[in-house]
Amino acid sequence: MALVKYPDGSYREIGEKNQTKKARNLTKSRLGIDFETAINESNEYYLEKGIAAIYKKPTPVQIVKVDYPARNKARITEAYYKTPSTTDYNGIYRKSYIDFEAKSCKESNFSFERIYEHQIKHLENIYELGGISFIIVEFSTLHEIYILPTPLLTIKHDEALNGGRKSIPYEYFKENGYLVETGFKPRINYLKTVDKIYFEEKKYLKKNDED
């Protein structure tokens, strides 16, 4: 028997032969619960190991009204976004600026209703300026996560703007995107996939004109 520490901090004994299988199943079940939390934990791991500094962007909010039902309790009852949000995450990895949007889908397609025009434009700007930009999408019912680099996102978005399909089918991600490895440390090892795309295959990363 082997003693294994799970992501929730608990320890359990499992047979060595079933250890890999059970760990994989647990990982898949947890990913469907909270995709964002899994990415945040992965980013904490990357930072602790000195691999990358990537953070969830705060959304600027203007508080309009606060109620105080008790002396030591405050409740925001009215607020609005001060400015349109850009994307979910940004930071530095391998001396490059990295910026991406993260989404979890129960459906077998990614609808363009799930991402704003200004967010796509933002990702395109980052790409044109030589940064790393992409969307990372979890298909929760299939237990799969894919990275779709911005140029591939732009292709499907342009098609949608010209009367084409208003969503990106799962098959497009499977055929053109990049499958992301999952595990325990980190839970979502998306930077391993970033390495493959941008630094091994050397795709979708423009050289800065000043280089």
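Read-outs: derived from the displayed coordinates by stated rules, not from any lab. Keep in mind the model is a prediction, meaning the values are calculated, not measured. Cβ: placed from backbone, ideal geometry, glycine included. Neighbour counts: every protein chain shown.
Treating r as the C-beta distance of Lys56 and Ile155 and R0 as 45 Å, the FRET efficiency rounds to 0.95. Spin-label model, Lys106/Lys203: points 7 Å from Cα along the beta carbon direction are separated by 3.2 nm.
Scoring 104-114, 137-147 by mean Cβ neighbours within 10 Å over their residues and listing the highest first yields 137-147, 104-114. The alpha-carbon atoms of region 111-211 define a convex hull whose volume equals 113 cubic angstrom per residue.
The HN-Hα couplings worked out from phi for region 164-175 by the Karplus form 6.51 cos²θ - 1.76 cosθ + 1.60 (θ = phi - 60°) are x, 4, 8, 8, 9, x, 4, 4, 5, 4, 5, 7 Hz, whole numbers, x standing for Gly and Pro. Computed from phi, the 3J(HN,Hα) profile of region 40-51 under the Karplus parametrisation 6.51, -1.76, 1.60 (θ = phi - 60°) reads 4, 5, 5, 5, 5, 4, 4, 5, 4, 8, x, 8 Hz, with x in place of Gly and Pro.
The gain in end-to-end length when the Glu113 to Lys185 segment is fully stretched comes to 22.7 nm, 0.36 nm per residue minus the alpha carbon separation.
Above 14 angstrom, tally the Cα pairs of region 153-196 and express them as a % of all pairs, no decimals.
60
Computed from backbone phi, the HN-Hα couplings of region 139-150 come to 9, 5, 6, 9, 6, 9, 10, 10, 9, 10, x, 3 Hz, rounded to whole numbers (Karplus: 6.51 cos²θ - 1.76 cosθ + 1.60, θ = phi - 60°; Gly and Pro given as x).
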